[in-house]
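Have a look at the structure below, then the notes.
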Amino acid sequence: MDPETNFDGVRNVGIKGNRIVKITEEKITGKETIDAKGHVVAPGFINTHTHSFAPFGQKIMVRDGTTTILDTELGVADVSVFYRKYQGKMLLNFGVSVGHEPVRIVVLDGVDIKLASDPTFGAVSRGAAEKKDGRANWALDIPNKEQTTRMMAMYERGLRDGAIGVSSTVGYMGYGVTTRELFDLQKLAKKFERIFGAHTRFGPTESLPLHYSLGTREIIANAVAIDGALLLSHIQNQGWQEIYFLARALQDRGMVIFPEFYPSIYGNPNIATPGLKPDKIKLNNVNIATDIIDPVTGKNYTEAQFFKEQKEQPSKTVFLLLRPKEDMPKWVHMKDTAIANDIMAVFLPNGKLPPITMPYKDYKGHPRNPGTYGKVFRMAREQKVPLMDIVHNASYTPAKYLSKLELKAMQERGRMQEGMIADITIFNPETITDNSSFKMGEQGLPTTGIPYVLISGKVVVRDSKVDIEATPGQPIRYPVMKKGDDPKKYAK
Ligand SMILES: [Zn+2]
């Protein structure tokens, strides 16, 4: 299946090196043959919203059909530190934006720039800021002139270092970020013709219900005025119908804008998020006894235990109920809307990342982490949504819009066509399903029905088994600019 041309037919696919070289009805031979009878051969799934680049996270994501993971929401403080760290070591293709929160956390809280340059440690970074003085300056402070100048220089450097865009988690920083600060960030992204991705203001935990769409309108208004490109993070929050309508209407007018969603009614924020602090939690209509699950016990919290852990383990993440369960089946009907799991890295009790060999049943993280694509394909099958629509969202939507911004790595992915990079996901449309749930022992269970995944022509999942030694993952990045280069050098 090729979602760009809507091609759906039985063909042989020839791969040489890292590329698809032949798609034909004729017989072809090669060193190795995969029998894909009864399966869909699709472009690898492109996950636009990932916060874990750790080995175990990659293992569960590749089982879910993912071949590329991007962080376009949190981002990093120093883009070159990030790419240098993962170059040549990744199973999946990887990319990152320069991020509003990590830059703020470095400048306003004095958190180490290296820690703030890997989204895997995003929650640890927040915890470190909290531990310093019990206050999240990054979320609550309005920067002075000198701090603003320093931050703007850091964003610009990130873009010159090849960041895929500028991103913001302003939804967690509603008290400290002025409309002007956010507008200036969008203008900077526009100056380089890159995507601006955001978890917008007033949600999910800093507002009364139905205001998340208002925050989204803020960045949409800016983008329309400056003709900027937008990625709307996890739109399934409050007011999602309105946000979806706005995005689709602007897509129809030719704007580079796409929404993204994850298929769960629970979010996965930091326990010490300002909106969950004692002075704000009631305002935000969060009921601790019914709305928050402890990933470690699988149970709801008591108020006393929740606030105790908030003080003692500020890096911990929790599951937070955000939407009524009737909403979820509706999301798979959204068109030209990317699917992303918003994975948060999971740590062992000793604070270390789990080894790639850890049994799936020992994983204590959000079930969306291993099961996002499996769940969307299953729900779509149950509701008879055309398969091509979901392949389109899973593989092509991000590639399409990022292609328009001249990101070369996305111009040669997300499509089943001759000449494209051979990132391929082979799945059984009748059986593909998620297996993860909030139950203990089931949080990390991988998706089934995806027997083969190829990345850059290398088979990394074979008979549903992951090659844990493989490192074919390529950086998804704009070229690093030289001093004096025009910001629009790589734009059309
Ligand atoms: Zn978010």
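The values are calculated or read from the model by the stated rules, or taken from the named source; none is laboratory data. Please read all numbers here as calculations on a predicted model, not as lab measurements. Reconstructed Cβ throughout: ideal geometry from the backbone, glycine too, with neighbour counts over all protein chains shown.
Which of the residues that make up region 163-181 are crowded, with 21+ Cβ neighbours inside 10 Å, touching a residue at least 60 places away in the same chain (Cβ under 8 Å) and not polar (S, T, N, Q)? Those that are crowded, with 21+ Cβ neighbours inside 10 Å, touching a residue at least 60 places away in the same chain (Cβ under 8 Å) and not polar (S, T, N, Q): Ala163, Ile164, Gly165, Val166, Val170, Tyr172, Met173, Val177.
Of the strands (runs of 3 or more DSSP E) lying entirely inside region 1-87, those carrying at least 3 residues that are in contact with a His (Cβ under 9 Å, 6 or more places away or on another chain) and closer than 27 Å to Pro446 by Cα are 66-76. Restricting attention to region 229-266 and to residues that are closer than 19 Å to Gly171 by Cβ and small (Gly, Ala, Ser), the residue that is modelled with the lowest pLDDT turns out to be Gly239. For region 425-473, the set of residues classified as surrounded by fewer than 16 Cβ atoms within 10 Å (Cβ to Cβ) and of a type in the set (Phe, Trp, Tyr) consists of Phe438 only. Taken across region 331-354, residues that are closer than 17 Å to Thr50 by Cα, out of contact with any His (no Cβ under 7 Å at 6 or more places or on another chain), in a helix (DSSP H, G or I) and among the aliphatic types (A, V, I, L, M) do not occur at all. Pro43 meets all of the listed conditions (1) closer than 19 Å to Val346 by Cα; (2) more than 15 Å from the ligand (Cβ to nearest atom) but one, namely (1). Cβ-Cβ distances below 8 Å connect the following pairs, each with a first residue in region 69-87 that is closer than 7 Å to Ser97 by Cα and within 16 Å of the ligand (Cβ to nearest atom), a second residue that is charged (D, E, K, R) and not in a strand (DSSP E or B), and a separation of six or more residues or different chains: Gly75/Glu101; Val76/Asp118. Of the candidates Ile46, Ile34, Ile69, the single residue that is in contact with a strand residue (DSSP E or B) (Cβ under 9 Å, 6 or more places away or on another chain), at pLDDT 95 or above and either farther than 26 Å from Ala189 by Cα or among the aromatic types (Phe, Trp, Tyr) (or both) is Ile34. Being of a type in the set (Phe, Trp, Tyr) and under 14 Å from the mean Cα position of the chain (by Cα) is the filter here; which residues of region 19-75 pass it? Listed by number, the residues that qualify are Phe45, Phe53.
If you go through region 29-66 one residue at a time, how many are surrounded by fewer than 14 Cβ atoms within 10 Å (Cβ to Cβ) and either in contact with a Lys or Arg (Cβ under 9 Å, 6 or more places away or on another chain) or among the small types (Gly, Ala, Ser) (or both)? Counting residues in region 29-66 that are surrounded by fewer than 14 Cβ atoms within 10 Å (Cβ to Cβ) and either in contact with a Lys or Arg (Cβ under 9 Å, 6 or more places away or on another chain) or among the small types (Gly, Ala, Ser) (or both) gives 2. Among residues of region 470-488 that are of a type in the set (Val, Ile, Thr), those with a beta-carbon under 7 Å from a residue that is in a loop (DSSP other than H, G, I, E, B) at least six positions away or on a different chain give the pairs Thr471/Gly88; Thr471/Lys89; Thr471/Met90; Thr471/Leu91; Ile476/Ile164; Val480/Asp161; Val480/Gly162. For region 280-292, indicate whether the set of residues that are hydroxyl-bearing (Ser, Thr, Tyr), part of a loop (DSSP other than H, G, I, E, B) and either at pLDDT below 90 or at negative phi (or both) is non-empty. Looking for residues that are hydroxyl-bearing (Ser, Thr, Tyr), part of a loop (DSSP other than H, G, I, E, B) and either at pLDDT below 90 or at negative phi (or both), one finds none in region 280-292, hence no.
For region 407-433, which residues satisfy the criterion of being among the small types (Gly, Ala, Ser) and either modelled with pLDDT under 95 or not in a loop (DSSP other than H, G, I, E, B) (or both)?
Passing the criteria: only Ala409.
Within region 56-112, the set of residues being over 19 Å from Tyr155 (Cα atoms), β-branched (Val, Ile, Thr) and in contact with a helix residue (DSSP H, G or I) (Cβ under 6 Å, 6 or more places away or on another chain) comprises Ile60 only.
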